[in-house]
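Student: One structure follows; several queries about it will come next.
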Ligand SMILES: [Zn+2]
Ligand SMILES: [Zn+2]
């Protein structure tokens, strides 16, 4: 078995959470959870823990976007963006279903109670929502550049207020009328 990040062959067995075992690369501290391991652990748990959105993720460090080889069966792993303000992605082997966590990623997921949602992260609906979130974030950056942060904040507030008003059309007509007094 080779580490998909640093190619080391030395792994030690660790318990990530009670009942959830992983092989940890002794050189880069990445964790490998075998195919059945995660689902078995998840099935033995009670309720799904509510997600925590804090603390906000800092600027994500640049990640190596190349597909990693599965440490167990060498198949190229699929990469799934976690989203929800988490700056890294997870790798899953499409063949043996094992999951790779770079060093400290498991702990970061647990901090937000996302560690029991990994089965959901790998689904199409989750990934579609992450893409929408990503698109919104990019557009927001464009607006902030165009209007300046303060004006964007204000125009967004006005827009939300308009959207919530039953008189939205009338208010809009007034706002955009070049001569609302008719004089
Ligand atoms: Zn390694
Ligand atoms: Zn595999």
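The values are calculated or read from the model by the stated rules, or taken from the named source; none is laboratory data. These numbers were taken from a predicted model, which means no experiment stands behind them. FYI the Cβ positions are ideal-geometry reconstructions off the backbone, even for glycines, and counts take in every protein chain you see.
Student: I want to confirm something. Restricting to the stretch 10-56 and keeping residues that are part of a loop (DSSP other than H, G, I, E, B) and at pLDDT 95 or above, which single residue is nearest to ligand 1 (Cβ to nearest atom)?
Tutor: 28
Student: Which of the residues spanning the stretch 68-87 are away from ligand 1 (no atom under 16 Å from the Cβ) and either in a strand (DSSP E or B) or on the phi > 0 side of the Ramachandran plot (or both)?
Tutor: If the condition is that a residue be away from ligand 1 (no atom under 16 Å from the Cβ) and either in a strand (DSSP E or B) or on the phi > 0 side of the Ramachandran plot (or both), then 76, 78, 79, 80, 81, 82, 83, 84, 85, 86, 87 are the ones that fit.
Student: Given the conditions (1) modelled with pLDDT of 95 or more; (2) over 30 Å from residue 38 (Cα atoms), and given that residue 176 satisfies all but one, which numbered condition is not satisfied?
Tutor: (1) is the only condition that residue 176 fails.
Student: Something else about it: Read through the list (1) within 16 Å of ligand 1 (Cβ to nearest atom); (2) modelled with pLDDT of 95 or more; (3) out of contact with any strand residue (DSSP E or B) (no Cβ under 9 Å at 6 or more places or on another chain), then give the number of the only condition that residue 104 fails.
Tutor: It fails just one condition, (2).
Student: Which one of these does residue 92 not meet: (1) more than 16 Å from ligand 2 (Cβ to nearest atom); (2) under 15 Å from the mean Cα position of the chain (by Cα)?
Tutor: Of everything listed in (1) more than 16 Å from ligand 2 (Cβ to nearest atom); (2) under 15 Å from the mean Cα position of the chain (by Cα), residue 92 misses just condition (1).
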